[in-house]
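The values are calculated or read from the model by the stated rules, or taken from the named source; none is laboratory data. The shown structure was predicted, so the numbers you read here are calculated from the model rather than taken from an experiment. Note that each Cβ is placed from the backbone with ideal geometry, even for glycine, and that neighbours are counted across all protein chains shown. Note: areas computed on protein heavy atoms with side chains; ligands, DNA, RNA excluded. Shrake-Rupley method; radii C 1.70, N 1.55, O 1.52, S 1.80 Å.
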Amino acid sequence: MRPLYAVAAMVPLCLAATACSRAADEDTLGRVRAGGTLRVALTTANPPWNFLDGAARPVGYDVDVAREVARRIGVRRVTFIGADFASFVGGIRADRFDVVIAGQSVTAKRRREVDFSRPYALNGVAVFVRRGDRSISGVKDLAGKRVAVSEGTVQAEFARDRVRDAKVKTYRNATLVLTDLSWGRADAALVSRFQGIYLAAEKGLAITPVGPVWRTYPLSMSFRKHSPAFRHALDTAISDMIGDGTLSAISRRWLGGLDMAAELRGLPPDPAARPSARP
């Protein structure tokens, strides 16, 4: 016969499991509105998308977009949480944050575990090398080379799966990727062209992009599955920002004058309707 103390000990566990079940079933939108805070994950080290300023405050394209989206979906405060691409999906599933706004592309693997908003940006990945290195002119020359990438990105998957004999070096963010490249610890890097050009100028890195943009793909916000109201609210906010000029102003500020709204017009609102970033 099971001891009474064992049964009593199970009661709070059952109540906690019931509460967790209810929380899992609750749409994210209702929860963040009730709490008044949107928890946003980003890397804090991928300028100009998101990074820390001199006062250690998050700034950049993703940060401005996150604050504007929060306002439009009826949430007063935004809390930014530093993470990395390798932990974004797990962090959503573990309820460490509500949404990732950090330049994520949509892949079939990620879609099995989280949901995505309509695209809020387009990104172009380029090959970067040390200035003066003429041995690499594009992706075709990466075979057997030391290729630096951010862990958890589609660039990392591509380098491992599609570049013959590549010696893949992974890092937590693009700042570390490009810094090591500039120091000669890698032969090439696959990163956002925006990031590479920005960091080369801001940090005086002796690196340069070579060849054409390797791949252009949409970036979306990711969040917990089974939150249709939250997804609708995000999609509506992004669509309205494209239509009323807000996204144009944000992108011109951070992306060298580029009008991101013009880039996004005409794209299917469902990210699954576009090819993935995988070549």
Tabulated pairs, region 235-262, first closer than 16 Å to Leu219 by Cα and charged (D, E, K, R), second assigned to a helix (DSSP H, G or I) and open to solvent by less than 30 Å² (accessible area, probe 1.4 Å), C-beta under 8 angstrom, 6+ apart or interchain: Asp259/Ser248; Asp259/Ser251
Members of region 146-164 found to be in a loop (DSSP other than H, G, I, E, B) and exposed (fewer than 15 other Cβ atoms within 10 Å of the Cβ), listed by number: Arg164
Out of Thr44, Thr79, Thr28, sole residue that is within 30 Å of Leu205 (Cβ to Cβ) and either in contact with a strand residue (DSSP E or B) (Cβ under 8 Å, 6 or more places away or on another chain) or at pLDDT below 95 (or both): Thr44
Selection within region 145-195 - acidic (Asp, Glu) and closer than 11 Å to Val127 by Cβ: Asp187
Residues located in region 30-78, provided they are crowded, with 19+ Cβ neighbours inside 10 Å and hydroxyl-bearing (Ser, Thr, Tyr): Thr43, Thr44, Tyr61
Pair list, Cβ under 6 Å, 6 or more apart: region 204-221 residue more than 26 Å from Arg131 (Cα to Cα), other residue in a strand (DSSP E or B): Pro218/Leu122; Leu219/Gly103; Leu219/Ala121; Leu219/Asn123; Ser220/Phe116; Met221/Val99; Met221/Ile101
Unmet criterion (only one of (1) at pLDDT 95 or above; (2) buried (at least 17 other Cβ atoms within 10 Å of the Cβ)) for Val106: (1)
Residues of region 157-173 that turn out to be within 22 Å of Gly90 (Cβ to Cβ) and free of Cβ contacts under 8 Å to residues at least 60 places away in the same chain, as a count: 6
Boolean, Phe97 is modelled with pLDDT of 95 or more, among the aromatic types (Phe, Trp, Tyr) and closer than 30 Å to Ala200 by Cβ: no
Hits in region 126-145 - residues which are of a type outside the set (D, E, K, R), open to solvent by 20 Å² or more (accessible area, probe 1.4 Å) and touching a helix residue (DSSP H, G or I) at 6+ places or on another chain (Cβ under 9 Å): Ser135, Val139
Qualifying helices (runs of 4 or more DSSP H) (wholly inside region 165-273; at least 1 residues being under 30 Å from Gly74 (Cβ atoms) and open to solvent by 60 Å² or more (accessible area, probe 1.4 Å)): 228-244, 246-254, 260-264
